[in-house]
Amino acid sequence: MMANLSNIRNFSIIAHIDHGKSTLSDRLIQDCGAVADRDITEQMLDSMDIEKERGITIKSQTVRLKYKADDGEDYILNLMDTPGHVDFSYEVSRSLSACEGSILVVDASQGVEAQTLANAYKAIDENHEIIPVLNKVDLPAADPERVKQQIEEVIGIDASEAIAISAKTGLGIKDVLEAVVKKLPAPATSQSNKLQALLVDSWYDSYLGVIILVRIISGSIKKGQKITMMQTGASYLVEDVGYFLPHKQNASELGAGEIGFINAHIKKLSDCKVGDTAILTGDEETKPLIGFKQNKPVVFCGIYPTDASDYDKFRDSLERLHLNDASFEFEAESSTALGLGYRCGFLGLLHLEIIQERLDREFGLDLITTAPSVIYKIYHTKSRNLPKEERVDTLLVHSPSQMPDSVHIDFMEEPWIVATIMTPDEYLGDILKLCTNKRGIQEGLTYVGSRAMLTYKLPLNEIVYDFYDKLKSYSKGYASFDFDECGYKESQLVRLTILVNSESVDALSIIVHKSKADFRGRALCSKLKELIPKQMFTVAIQAAIGGKIIARETVSAMRKDVTAKCYGGDVSRKRKLLDKQKKGKKKMREIGNISIPNSAFISALKIDD
Ligand SMILES: Nc1nc2c(ncn2[C@@H]2O[C@H](COP(=O)(O)OP(=O)(O)OP(=O)(O)O)[C@@H](O)[C@H]2O)c(=O)[nH]1
Ligand SMILES: [Mg+2]
């Protein structure tokens, strides 16, 4: 049975990382009786192994709940639990555009953090009605009154009726459900009864093919009808429609205002672009919905199988994983040091780490990763006289090996971000130093109680390097961080090449800012000196910018004591033996194939500055 529109509520649960969104979802599911008490587990919606182990949400999840409110009416609640980490903020945006309201969860012992702010603003931009909820009031450190004040001061929404809850003990959950029904609006009624379904998400099911999650804006959809995706033009016969309760449940029909899945035996994930509009085939004059802007990978790195014979398996694994997570990109690449591999693009460093871990865990692959990089723009000297917009030969590169010779480069640009950092006052000094060291430009500093809120413009390539780790360690984990891209700026960038016995090792080469090149070059060389084991011959490690060597280290050869057998005897005999050894070594150097341990590639890139 389709629900009456005025009795539907669609809402997202948003918050900073770890403030308790998934735990609150558990309680709401439990209170609505959707899952028997004995089947309740912690963070039920975090279904991937990696989510469970790390205790974080990576993918948004939707659940349809039935709730009998105090006014005696039956309501349908569509709840969307979202991830808190900045890398997955795209998931949040998509969920928000499928809903009319949000529950903003704030940990009452921590207060407003960087992602609280970022996600709250996203909800405001979507014209959402927002219910502020203060979680973890069971903790002794909780201070709900102070946090209420913070929400009003920093975010600027009314928090006087914020609900104090504990998602752990279940305190206040009923109040949250009542607020959802009373304060959040029902979906708007549409003028048309022609199907318009917003594609919110899609994923691959090994039995059914691609499943899509839709928000029905107008009209309805049922089994046996044929749908067309407006952007891609792909058409499919609908096999099933239904909801997640949280288990998958088929329904006879999905109607306006509802959120549910469509299974149409879709083979290609590329046919289903999230943000696209699905219509009934034949209704081509229907207007497409606004959709979302495509998210683009910002961090790139090369990934290579440790064992070259795993290459085919690696390619298959990437293809399979891509069906599950279309937000990473990959293209084949080869490196003289590492052989055949792929250059992959990710939404951020955590995303990179997770994909790498899934490749290892789900596909049993042993991989080497090169330094993460961003996309640089290179303006060619040929079109020097043209205005920037008319330069058609501008190159987008994310790997040093793609950089043309410096004589062909007119100038380069790198991406910048604007970061919001919130930190307890006592760590402010260190964090300011860190931002300056990362070439940051301070834009603002305000206080929210005893917490400082900093706005900084920073080059993205400094962020992907180790900014997040440093921020966490300088602030003992208390600082939080959010960022948005803010365009490209001209920058003095150079290619720093590492040469091992005069051969360039592209996997260790990087694109860096000129001011850091000397330091990084020296540091890389001395780090490699520690990491490369002694060989039978001398190994020279050099760092070069263009043709100029800026640093050099030498790994001296192992010296076998060839004169050991020669007791006493005259000097000329010893000489002779030593000369013979020298000749042998020379030969080895010529055919010399230095084995650089895999670990060197990763540790070499972790240099303190
Ligand atoms: N004491 C206490 N702990 C809580 C409460 N709610 C959640 N937690 C704990 O806080 C941690 C994070 O909870 P999650 O529900 O996974 O947080 P989340 O917001 O979903 O996190 P992400 O999805 O990674 O952003 C878990 O260890 C929970 O057990 C609460 O009300 N009281
Ligand atoms: Mg979660």
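The values are calculated or read from the model by the stated rules, or taken from the named source; none is laboratory data. None of these values were measured; they are calculated from a predicted model. Note that we place each Cβ from the backbone using ideal geometry, even for glycine, and neighbour counts take in every protein chain shown.
Looking across segment 28-67, just one residue is basic (Lys, Arg) and part of a loop (DSSP other than H, G, I, E, B), and that is 59.
To keep it simple, each residue is scored yes or no on (1) more than 17 Å from residue 524 (Cα to Cα); (2) among the polar types (S, T, N, Q); (3) modelled with pLDDT of 70 or more.
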position: 535; (1), (2), (3): yes, yes, yes
position: 538; (1), (2), (3): yes, yes, yes
position: 544; (1), (2), (3): no, no, yes
position: 548; (1), (2), (3): no, no, yes
position: 552; (1), (2), (3): no, no, yes
position: 561; (1), (2), (3): yes, no, no
position: 567; (1), (2), (3): yes, no, no
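Among the residues making up segment 147-164, those that are under 32 Å from the mean Cα position of the chain (by Cα) and of a type outside the set (A, V, I, L, M) are 148, 149, 150, 152, 153, 156, 158. Determine whether residue 214 is part of a helix (DSSP H, G or I) and buried (at least 21 other Cβ atoms within 10 Å of the Cβ). So residue 214 fails the test. Exactly one residue among 112, 105, 154 is outside the structural domain of residue 475 (by TED's automatic domain parsing), within 16 Å of ligand 2 (Cβ to nearest atom) and in contact (Cβ under 8 Å) with a residue 60 or more places away in the chain, and that residue is 105. Do we have residue 98 as crowded, with 21+ Cβ neighbours inside 10 Å, small (Gly, Ala, Ser), away from ligand 1 (no atom under 14 Å from the Cβ) and at pLDDT below 95 here? Against the criterion (crowded, with 21+ Cβ neighbours inside 10 Å, small (Gly, Ala, Ser), away from ligand 1 (no atom under 14 Å from the Cβ) and at pLDDT below 95), residue 98 qualifies.
Condition first: at pLDDT below 90, among the aliphatic types (A, V, I, L, M), in contact with a helix residue (DSSP H, G or I) (Cβ under 8 Å, 6 or more places away or on another chain) and surrounded by fewer than 21 Cβ atoms within 10 Å (Cβ to Cβ). Can you find one or more residues in segment 303-325 that meet it? Yes, that holds for at least one residue. When the strands (runs of 3 or more DSSP E) confined to segment 253-329 are screened for residues that are under 20 Å from the mean Cα position of the chain (by Cα) and farther than 20 Å from residue 227 by Cα, those reaching at least 2 such residues are found at 299-305. Is it the case, given these coordinates, that residue 122 is of a type in the set (Lys, Arg), more than 16 Å from ligand 2 (Cβ to nearest atom), under 29 Å from the mean Cα position of the chain (by Cα) and not in a loop (DSSP other than H, G, I, E, B)? Against the criterion (of a type in the set (Lys, Arg), more than 16 Å from ligand 2 (Cβ to nearest atom), under 29 Å from the mean Cα position of the chain (by Cα) and not in a loop (DSSP other than H, G, I, E, B)), residue 122 qualifies. Output the residues belonging to segment 67-92 that are under 16 Å from residue 24 (Cα atoms) and either without any contact (Cβ under 8 Å) to a residue 40 or more places away in the chain or within 15 Å of ligand 2 (Cβ to nearest atom) (or both). Passing the criteria: 79, 80, 81, 82, 83, 84.
Scan segment 197-236 for residues that are closer than 27 Å to residue 79 by Cβ and charged (D, E, K, R) and jot them down. Those that are closer than 27 Å to residue 79 by Cβ and charged (D, E, K, R): 201, 205, 215, 222, 223. Looking only at residues of segment 27-49 that are in contact (Cβ under 8 Å) with a residue 60 or more places away in the chain and hydrophobic (A, V, I, L, M, F, W, C), we find that the one that is nearest to ligand 2 (Cβ to nearest atom) is 45. In segment 130-141, which residue that is modelled with pLDDT of 95 or more and either of a type in the set (A, V, I, L, M) or in a strand (DSSP E or B) (or both) is surrounded by the fewest Cβ atoms within 10 Å (Cβ to Cβ)? My answer is 139. For segment 9-46, a residue qualifies if it is buried (at least 23 other Cβ atoms within 10 Å of the Cβ) and more than 16 Å from ligand 1 (Cβ to nearest atom), and the qualifying residues are 9, 10. When segment 7-26 is filtered for residues that are touching a helix residue (DSSP H, G or I) at 6+ places or on another chain (Cβ under 8 Å) and within 13 Å of ligand 2 (Cβ to nearest atom), the ones remaining, listed by number, are 12, 13, 14, 15, 16, 17, 19, 24.
Within segment 174-196, is there a residue that is more than 16 Å from ligand 2 (Cβ to nearest atom), among the charged types (D, E, K, R) and farther than 24 Å from residue 76 by Cβ? No, there is no match, as no residue in segment 174-196 is more than 16 Å from ligand 2 (Cβ to nearest atom), among the charged types (D, E, K, R) and farther than 24 Å from residue 76 by Cβ.
If you check 111, 84 for being in contact with a helix residue (DSSP H, G or I) (Cβ under 8 Å, 6 or more places away or on another chain), within 11 Å of ligand 1 (Cβ to nearest atom) and in a loop (DSSP other than H, G, I, E, B), only one passes: 84. Looking only at residues that are of a type outside the set (Gly, Ala, Ser) and surrounded by fewer than 24 Cβ atoms within 10 Å (Cβ to Cβ) in segment 118-129, which one is nearest to residue 89 (Cα to Cα)? Among residues in segment 118-129 that are of a type outside the set (Gly, Ala, Ser) and surrounded by fewer than 24 Cβ atoms within 10 Å (Cβ to Cβ), the one nearest to residue 89 (Cα to Cα) is 122. Scanning segment 49-77 for residues that are within 15 Å of ligand 1 (Cβ to nearest atom), crowded, with 21+ Cβ neighbours inside 10 Å and under 25 Å from residue 251 (Cα atoms) returns 60, 61, 62, 63. Cβ-Cβ contacts under 7 Å between residues 6 or more apart (or on different chains), taken from a first residue in segment 394-405 that is surrounded by fewer than 15 Cβ atoms within 10 Å (Cβ to Cβ) and at pLDDT 85 or above to a second residue that is among the β-branched types (Val, Ile, Thr) and outside any strand (DSSP E or B), are listed as 396/375. In segment 344-351, the count of residues that are exposed (fewer than 15 other Cβ atoms within 10 Å of the Cβ), out of contact with any Cys (no Cβ under 6 Å at 6 or more places or on another chain) and in contact (Cβ under 8 Å) with a residue 24 or more places away in the chain is zero.
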